[in-house]
Amino acid sequence: MSAGLFKAPTKNYWSTSLNGAIDDDDTTITLNSTTNLQSPGYLVINREDSSGTATSTAREVIKFTGIDGSDITGVTRGADNSTARSHADGSLVEAVYTVGMHNDQRDAINAEHGTDGTHSLIASATITAANIAGLRGANASITNIYANTITANSDIAGVGGQFMWTRSGALATVQAATASDTHFPLMRVTKNLTVNSFYASLISAPSLAVFLMDISHGSSPTGDFSSIFSSVGQIDIGEYDTSSCASPAIISLTSLASGSLLRAEIDSHGSAGGLGAILQVTSR
């Protein structure tokens, strides 16, 4: 029987007697009653005689794995270092808490907890992007789940994220008519990042001229900032002059260090509608 799997009877002070004599090697034993008894479990035979006198030389602890009518089956004789014995018909049989019950409970608890009581059933686990829907990056993983502590390798490398800038209404009226880097708040990078792609769109109204937006980075709010693009993207929605059609931004910076500041600026608003801009990144 596996540690910790015994079941107590459903009634306190459970006892019955043997229905027929047994030898010291019988593994199926017939009782006068199995009502309220549950399997698997422990029982003690001949703890005392019919007058209530302790009978240490006749006592035996057994454990069993099943119940079939009035029979208990899968009986282990001489459990808890007791001696397997022959017993007469009518011998007392009791459900008494034994050393084996206690030790099986202890072993089951120790198998899933540390000595300080913390639960350690999951000793080690790896969760990868392949089995987490929506987690970006082939190298994303969480390792070493142990004793209620979760640590992540490389700050969970490969997890995707984004910086987003939005502005509703018409840029021609909401923004100043001239280029400015004060229209949007600075954003701080809190992990080492790889820059993947940039998306920008104009919403609510077409542009009447080429719209330009730049994203730059720096180490302090008052220091110098440098563009992350080698070519700033052009958005020209609403006009059909092929010579001035939209062209994508070309990213020249592919790595951002933790602590860097990002600044979005309007180089030309093009009298356009609302703005949506996203810089997509992954941690590394």
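In table form, for the structure just shown:
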item	result
Looking only at region 252-277, and only at residues there that are closer than 24 Å to residue 193 by Cα and outside any strand (DSSP E or B), the one that is nearest to the chain's Cα centre (by Cα)	258
Residue within region 30-38 that is assigned to a loop (DSSP other than H, G, I, E, B) and under 16 Å from residue 88 (Cβ atoms) present	yes
Selection within region 48-71 - closer than 20 Å to residue 7 by Cα, more than 42 Å from the chain's Cα centre (by Cα) and either surrounded by 18 or more Cβ atoms within 10 Å (Cβ to Cβ) or at pLDDT below 95 (or both)	60, 61
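Yes/no per residue for (1) modelled with pLDDT of 80 or more; (2) under 18 Å from residue 192 (Cβ atoms); (3) β-branched (Val, Ile, Thr):
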{"residue": "212", "(1), (2), (3)": "yes, no, no"}
{"residue": "225", "(1), (2), (3)": "yes, no, no"}
{"residue": "233", "(1), (2), (3)": "no, no, no"}
{"residue": "237", "(1), (2), (3)": "no, no, yes"}
{"residue": "250", "(1), (2), (3)": "yes, no, yes"}
{"residue": "279", "(1), (2), (3)": "yes, yes, no"}
{"residue": "283", "(1), (2), (3)": "yes, yes, no"}
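The values are calculated or read from the model by the stated rules, or taken from the named source; none is laboratory data. All of these numbers come straight from a predicted model, not from anything done at the bench. Cβ atoms come from the backbone with ideal geometry, glycine included; neighbour counts cover every protein chain shown.
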